[in-house]
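The values are calculated or read from the model by the stated rules, or taken from the named source; none is laboratory data. All figures in this text were calculated on a predicted structure; none of them were measured in a lab. Backbone-built Cβ (ideal geometry, glycine too); neighbour counts: all protein chains shown. Please note that ligands, DNA and RNA were not included when accessible areas were found on the heavy atoms of the full protein model with its side chains. Shrake-Rupley method; radii C 1.70, N 1.55, O 1.52, S 1.80 Å.
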Amino acid sequence: SSREHKLNFKKSKEVCLNYIQDAMLQKQWKRAAEFLTFYIESLEKDFSTEYMGPSEMIWRIGTEILCHHSHSSMKEFNSFIEQMKTLGVKRYLKVCLEHAFHLLCNGLVDEAYQNLSLAESWRFGEQTVIQDKEMKLIQAYRGLLDYYSWSKQKNVLLEHGHDGFEDLSVEQEMHSCFRKAAVNLKEIIKIPGVWDLFVKCYVDLLEFYGDHNEARQVLNEYAYNSKFPANPNAHVYLYQFLKRHGESKKSLISALKILHDIVPSHELMIDFNTMLQKSKKRKKRRLGLEVIFAALDYAGWKENVKAWNCLARQVKQIVISEKHLDWIKQEWNSRKDWWPAFHFSRYLAKRNWQENESLSYEKALVAGILLGKDCKYFKYISHQGCKAQVKRFRILKKFVNKHNPVYLRISS
Amino acid sequence: QSWPAYEEVYNKMLELAAFLDLPRFPDITDSCFLHPDMLCMKYLMEANLPDELHNWTCRVVKKICIGEVDFLTLMPGNKSTRKVKYDVLAVAVIVVVLKLLFLLDDHYEWLLSDFAEERNKNNKEGGPYFEFKKWYKVIKCSLDVEQKKLDEERAKYLWRCEKPLFYSAQKKSKVLKRRQIVVNLQNQFGKLSGSVRPAEKPNPSSFQLSWSEENTDGSCFHGHSLKGILQEKCGLLTAMNPDYWLCTVKLCTEKLCGHLAHYREVDFPQSYHFVLRLFSFLLRIQPSYIHDEVCVIEHKLFNKKLCKKPKYNIGLRK
């Protein structure tokens, strides 16, 4: 029908928007700017039924263009953003926040701080209540910048030591920054969410002023409060804190246990296994074996000498003691179908030997126990090692040959 | 908020003429610009088709009596006669002629073109024979370029008026403030648009596509001869193509659905669609309008055959 093809305002602007989008995707900023000038008049029409109105479009598109266009400057960007702020009161705080981010990305920390402070003092009837989340974020980021100043001042003081009165004012400023930062950071981390950076900074502040209890509580909340989204980093921070303060192995282990459950491939699994191996409790040692096997399931660990060393050590210890071979059997059961091709192929044997002798040593030990002395990997490595007359390989060969029956028991 | 469609304007024009009780308009004779023979010449030129086709269009016009004064001249208020859309009529005649000579069923026109190409190799005297394939390539290229330009222009179209409108005193300040922001933003991004091309002086001629025989690249087909696709029979040159297909076997009743025929691109050969697309671009109307007119002309042209044997299917022999 003729109506479908009629060129009307809405369709014309839609088409214009398509041209803008195409130009942006092809990084043709001049062309995008050109079409944007024709789109801008949409601001004068009513689009209240649209999901995303022209003012938001123009804000987002204009920001992109000004970020990338060769002739654009910070001054131009700032003036553009100020206009955007006046366009939509419902988006005011969001625009302020993103403006601050942009300034920070360009290294303009002071301007960002000013913007955030200004935004903090904004009041607009019930909009202030509706935009509460953005306000909290603005306060949090301002708090972050306060932390940043505090940190700078702290470093200045630490470098120069406490000599002279000039330091007194710096010190006072530092404390005031601390107070401002602490208030805002504490507020934001109460809300369930992912606040890694804020938590780290807040804990840093608390530790400096000796409030370890508060710090521990904050970290516990962040890691264990079920309202917060599951976040491996929370457990890492807690673990690092506990370690710093010399907490018991028990608490360290319980912190890392959850990390193992969430992210079995985490880099701290080596520390975890090392702790568990040394434990006197059987359950812990058993867990240690599980942890190291699980980590090595991941491709990123394939060439990690330390990880293989952990596994090799534990496997060797179990074999020598002749106790708990069933542990190895249990772990190997689900892996015997795919680990040989994944870790112990002939190709990998050649490569590992060429690139990293220590890696091949550790792996050969594990392969020899799990797959027997006749497996491709062990045969190749031990042959090469003995040929090169490296002592430990001769010892390895003897060891594996001696304990070959173990392999038979595991694989049955 | 929108550009009015051709049909709307046309109908309003008729209503207005009737309302104003206008008398019969000045006669349209064969020396008038609006006469199909004249308009066919114009569009043949613009479509870069051989001048020789004009003989054929005149023959069709004569045969179906659409060159008559009484048929062409507008009589406002007279509801019994179908109103003539001069340009649409002219291009529809051209389309029919193309169908007569080239069939346009996505097979024959290409075969014929190859045949003409062969004959062209031995053609030493006079101008080259017209080859459909060559024409298609040239036109498609130009059409795509022009269409792209038109699409971009439409995307850049500015709708707002010079003075902002507002309906209440309260809104005034808000509207003016908005206008100020719009102007500022347009300036800001206008500067970033790169070199602004100075507004080209609009071409006074009404031709959108122009072809010159002075071009050495052989892209002008006006002087090409149709001999390559015609054959001699009884001393006369007739088309080699013996077939014809009707666009529609039966015309719709205009009163019921507003159209005489319904055009869907997928139902018709690509070549036919291409030809419609070309003329619909030149006239800035939807292809379906031209298609309607083509159907009417065909029904007039083959009227006798249709009346005799109403059970004819597509693929009527001439």
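The table below gives the values:
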| item | result |
| --- | --- |
| Accessible area per residue, Å², chain B with all protein chains present, probe 1.4 Å | 59 Å² |
| Accessible-area composition of the range A:102-223, carbon plus sulfur, in percent [1.4 Å probe] | 55 percent |
| Computed magnitude of the charge dipole of the protein assembly as shown (debye, nearest 20; Cβ of K, R +1, Cβ of D, E -1) | 4040 debye |
| The range A:34-127: C-alpha gyration tensor shape, a/c 1.5 cut-off, then a/b vs b/c | oblate |
| The range B:1-159: relative contact order as a whole-number percent, Cα under 8 Å and 6+ apart | 22 percent |
| GNM top mover of A:Y141, A:Y224, A:Y39 - chain A, alpha-carbon springs below 10 Å | A:Y39 |
| Sparsely packed trypsin sites (Lys or Arg not before Pro) within the range A:263-292, loop by DSSP, other Cβ within 10 Å at most 12 | A:K280, A:K281 |
| Between 0 and 90°, nearest 10: helix A:92-105 axis offset from chain A longest Cα axis | 60 degrees |
| Distance between modelled label sites at B:K133 and B:E15, nm, 7 Å Cα→Cβ extension | 5.2 nm |
| Using a Förster distance of 51 Å, the FRET efficiency for B:K300-A:F9 (Cβ separation, nearest 0.05) | 0.80 |
| Total formal charge among the other residues, if their Cβ is under 12 angstrom from that of A:I320, Lys/Arg +1 and Asp/Glu -1 | +3 |
| 222 nm mean residue ellipticity, helices alone, for chain B (DSSP H n ≥ 4; -39,500 (n - 2.57); rounded to 500) | -15500 deg cm²/dmol |
| Phi-based couplings in Hz for the range A:271-286 (Karplus 6.51, -1.76, 1.60; Gly and Pro marked x) | 4, 4, 4, 4, 4, 5, 4, 7, 5, 7, 7, 4, 4, 5, 5, 4 |
| Nearest-0.05 FRET efficiency for A:L408 and A:C386, computed from C-beta distance (R0 22 Å) | 0.40 |
| Cα-centre dipole for the range A:134-250 with unit charges at Cβ (Lys and Arg positive, Asp and Glu negative), debye to 20 | 680 debye |
| At R0 = 45 Å, FRET efficiency that the Cβ-Cβ distance of B:F71 and A:T86 yields, to 0.05 | 0.10 |
| Candidates B:P164, B:P26, B:P287: whichever shows maximal mean-square fluctuation once chain B is modelled as a Gaussian network with Cα springs under 10 Å | B:P164 |
| Carbon + sulfur, % of accessible area of the range A:254-396 - ligands and nucleic acids excluded, 1.4 Å | 49 percent |
| Gyration tensor (alpha-carbon) shape descriptor, chain A, a/c threshold 1.5 | prolate |
| Linear extension gain, B:N55 paired with B:D217, 0.36 nm per residue minus alpha-carbon span | 55.7 nm |
| Of all accessible heavy-atom area on chain B, the percent that carbon and sulfur account for (1.4 Å) | 56 percent |
| Peptide A:11-19, shielding by other chains (average Cβ, 10 Å cutoff) | 4 |
| Gain in span if fully extended, A:S73 to A:H324, counting 0.36 nm per residue against the direct Cα distance | 83.5 nm |
| B:K63 paired with A:L168, simple spin-label distance in nm, labels 7 Å along Cα-to-beta-carbon | 11.3 nm |
| Per residue solvent-accessible surface (Å²) - the range A:14-173, probe of 1.4 Å | 54 Å² |
| Size of the A/B contact, given as accessible area buried on both chains, probe 1.4 Å, in Å² | 3300 Å² |
| The protein assembly as shown - Kirkwood radius from inverse mean 1/r over Cα pairs (Å) | 35.3 Å |
| Relative contact order (percent, whole number), chain A, Cα cutoff 8 Å, 6+ residue spacing | 6 percent |
| Inter-chain Cβ neighbour average for residues A:24-36, partner chain, 10 Å | 3 |
| The range A:326-385: relative contact order in percent, alpha carbon pairs under 8 Å with at least 6 residues between | 33 percent |
| Charge context of A:E98, other residues only, Cβ under 11 angstrom, K/R +1, D/E -1 | +3 |
| Chain B shape via C-alpha gyration tensor axes, a/c threshold 1.5 | oblate |
